[in-house]
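The values are calculated or read from the model by the stated rules, or taken from the named source; none is laboratory data. Given the structure is predicted, the values throughout are model-derived calculations rather than measurements. Methodologically, a virtual Cβ is constructed for each residue, glycine included, from the backbone with ideal geometry; neighbour enumeration extends over all protein chains shown. Just so you know, the surface numbers come from the protein's heavy atoms only, side chains and all, with ligands and any DNA or RNA stripped out. Shrake-Rupley method; radii C 1.70, N 1.55, O 1.52, S 1.80 Å.
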Amino acid sequence: MRVSRGIAALSLTAVAVLGLSACSSDSEKADKPAAGAEASAPAEEVAEVDSDFDLTKDDFVERVTAAAQAAGTVTMDMTTTGSGVTQTASGVIRYTDGAQDLAMTMEVPGAGTIDFKMVGGVVYMQMPELTGDKYLQIDPDDTSNPLSQSFAGMEGQFDPTGTLAGLGDAVKSFEKVGEPQEVGGALAQEYAVVIDSAALSDPAVAEELAAAGTSLPPELTYSYWVDADDQMRRVTTEVAGVSTDVTFSGWGEPVEITAPSADQLTDMSSLGF
């Protein structure tokens, strides 16, 4: 079913890009500022700030998470490639109290264009081939909805830092790579981070990866480019034969993320339920 392929693509994307967030529980989430909070310095000025780019295995999680929370918003653009197929996505994230709101558009082979929103923990998904110009409304906590389990635990997985405080010993190695280089107009240092995938224990993600015919390898290797304000500028990784390249920009800039209005919603009958 096409909707299943769309959900599997979303789950795989979450792990590939933001797998670090999947190992954190709700109880470990730190308080985040209200939407619209501004970063300590505009993104355009980051390259002018002197820095030793001195993140370490011990403080990487804390500093990168704090920088994202202080900024409040970010824009991300993503390209994934696997089995000769390229998939693109773009979206914005707004940090809210202890969670994130998200608006993302993805081009998914076999499912078409997916317009995906998560506002206040509720998922809204538009797939023109199935729902026309309407959105499905899916509450991950609604046990009466046959799709809810597919989105259980997904909140926070599209956050570019997640709540990394729960990482613990999952970081197996952390190394600075080369010299700082310009990434999206900002000077950023590359770091190679190897994660024990056993820490990524979200059962919903594992189930959807299995539905897509794949699973996580024992270790996940990420390359992070982090600027002088400890803000992520780029992440690359390869998971289950799918390479992913994500760039981040517009830290602290205003974004618009709104839930669809009632007349933009459709019920599950459009999917045959």
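Points to keep in mind about this one:
- Candidate residues Glu253, Glu238: accessible-area rank, largest first, probe 1.4 Å: Glu238, Glu253
- Stretchable slack from Asp139 to Glu107, in nm (0.36 nm times residue separation minus alpha-carbon distance): 9.2 nm
- Heavy-atom accessible surface of Ser83, to the nearest 10 Å², is about 120 Å², with a 1.4 Å probe and all protein chains retained.
- Local electrostatic count, Glu175, Cβ distance below 15 Å [Lys/Arg +1, Asp/Glu -1]: -3
- Prolate/oblate/rounded call for segment 58-106, Cα gyration tensor, a/c under 1.5 rounded: oblate
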